[in-house]
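Peer 1: Here you go, one structure.
The values are calculated or read from the model by the stated rules, or taken from the named source; none is laboratory data. The model shown is predicted, which means the values in this text are computed figures rather than measured ones. Glycine gets a Cβ as well: all are built from the backbone with ideal geometry, and neighbour counts include every protein chain shown.
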Amino acid sequence: MAGEIIRPTQPSIVLRAPGAGDVALPGAVVALKADLTAPPGGALDGGCAWSVTVLDGLMSRLIEPTSSGDGASFVMPVDLGPGARVEAACYAKAASGATAVARATVRRPDEDGYIRNWLLSRSFQGKTLNDNVWPGGEAAFGPKPGDPALWRITSPTRYVALDQTLSPGENAVAYAFVWVDSPEDRGGLLGMLSDDGIAAWLNGKEIWRNKVSRAVPADGPEALRDLDLPKIELKKGLNGLLLKVDQTRGEWRFKARILNPDGSIMRDVGLTTGMP
């Protein structure tokens with residue numbers, strides 16, 4: 001999440017927060033860290049001035065963050081309504097008086113558990129599910145801060161519709177990545193569905209590869225089904241989940257969520273497209 005830089009004389013800000021732009025569980029502590037850079041030939045006038053605002057329907061209220069210079073934290077409210085979010089902002093000022101601001105948005109997990117925020121690659125045209133087209137290899141995949149090959153997307157529905165973001169083709173693949181933050185080592189299931197081919201890697205290990213051709217149901221009650229349920233092993237902390245989605249013909253859509261071994265939603269994991 002980059003600061004909004006209007007003129008070169010302003011300071012620049014990169015605001016980092018586990019869960020920022022993604023989800024945090026009610027009652028969880030969300031840590032914020034701002035990397036500040038003074039403008040060329042200038043200096044900063046102090047560190048961050050922090051502001052945290054709850055935006056819930058037509059209502060808004062401030063949360064008092066615990067802050068110390070370039071770092072801060074806040075507790076995710078437990079009383080958020082559907083669609084509510086928390087916006088954190090860092091305001092920085094240069095000695096010249098020029099200012100800049102960077103913002104991060106945090107939401108509570110959706111009740112259906114589907115992952116709606118991903119880091120997405122470009123489309124690789126003329127390739128299929130079995131073509132390893134990611135530079136450096138799929139097993140070694142890992143996002144890097146500022147990587148221009150990936151950008152963050154948000155899906156308003158359970159499905160990520162790739163053809164609304166990428167250029168579809170007769171044969172094309174794309175990669176989607178997210179960090180899964182688990183409080184402990186445990187087993188579970190990866191609930192998935194796509195209308196064509198999908199492959200998955202967890203922490204660099206391939207756990208699923210299936211070339212299918214099936215209709216994707218509309219985004220209603222029927223769409224809650226997870227047809228692909230490979231077993232997964234999460235380690236304590238951040239787990240890198242990489243999906244590769246294939247299109248031959250069709251809508252080029254996919255969805256995924258993390259489940260307990262019995263198929264219930266694993267609600268105490270965090271999901272983030274931020275960088276560790």
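Peer 1: I'm trying to understand the selection: among the residues of the range 55-78, which are under 18 Å from Ala24 (Cα atoms), assigned to a loop (DSSP other than H, G, I, E, B) and without any contact (Cβ under 8 Å) to a residue 40 or more places away in the chain?
Peer 2: Passing the criteria: Glu64, Pro65.
Peer 1: Quick one: would you say Pro18 is at pLDDT below 85, surrounded by 16 or more Cβ atoms within 10 Å (Cβ to Cβ) and either more than 23 Å from the chain's Cα centre (by Cα) or assigned to a loop (DSSP other than H, G, I, E, B) (or both)?
Peer 2: In short, yes.
Peer 1: So Ser121 fits all but one of (1) free of Cβ contacts under 8 Å to residues at least 60 places away in the same chain; (2) surrounded by fewer than 18 Cβ atoms within 10 Å (Cβ to Cβ); what number is the exception?
Peer 2: The number of the failed condition is (2).
Peer 1: What are the residues in the range 27-54 that are more than 23 Å from the chain's Cα centre (by Cα), outside any strand (DSSP E or B) and at pLDDT 85 or above, if any?
Peer 2: Cys48
Peer 1: Restrict the check to the range 211-221 and report whether at least one residue is assigned by TED's automatic domain parsing to the domain that holds Leu166, among the charged types (D, E, K, R), under 30 Å from Gln125 (Cα atoms) and crowded, with 18+ Cβ neighbours inside 10 Å.
Peer 2: No: zero hits.
Okay, residues lined up against (1) modelled with pLDDT of 90 or more; (2) out of contact with any helix residue (DSSP H, G or I) (no Cβ under 7 Å at 6 or more places or on another chain); (3) at positive phi; (4) surrounded by fewer than 17 Cβ atoms within 10 Å (Cβ to Cβ):
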site	(1), (2), (3), (4)
Arg152	no, yes, no, yes
Ser155	no, yes, no, no
Ala172	yes, yes, no, no
Tyr175	yes, yes, no, no
Val180	yes, yes, no, no
Asp185	yes, yes, no, yes
Leu189	yes, yes, no, no
Ala199	yes, yes, no, no
Glu206	yes, yes, no, yes
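Peer 1: Residue under question is Pro135, and the condition is that it be outside the structural domain of Ser167 (by TED's automatic domain parsing) and assigned to a loop (DSSP other than H, G, I, E, B); does it hold?
Peer 2: no
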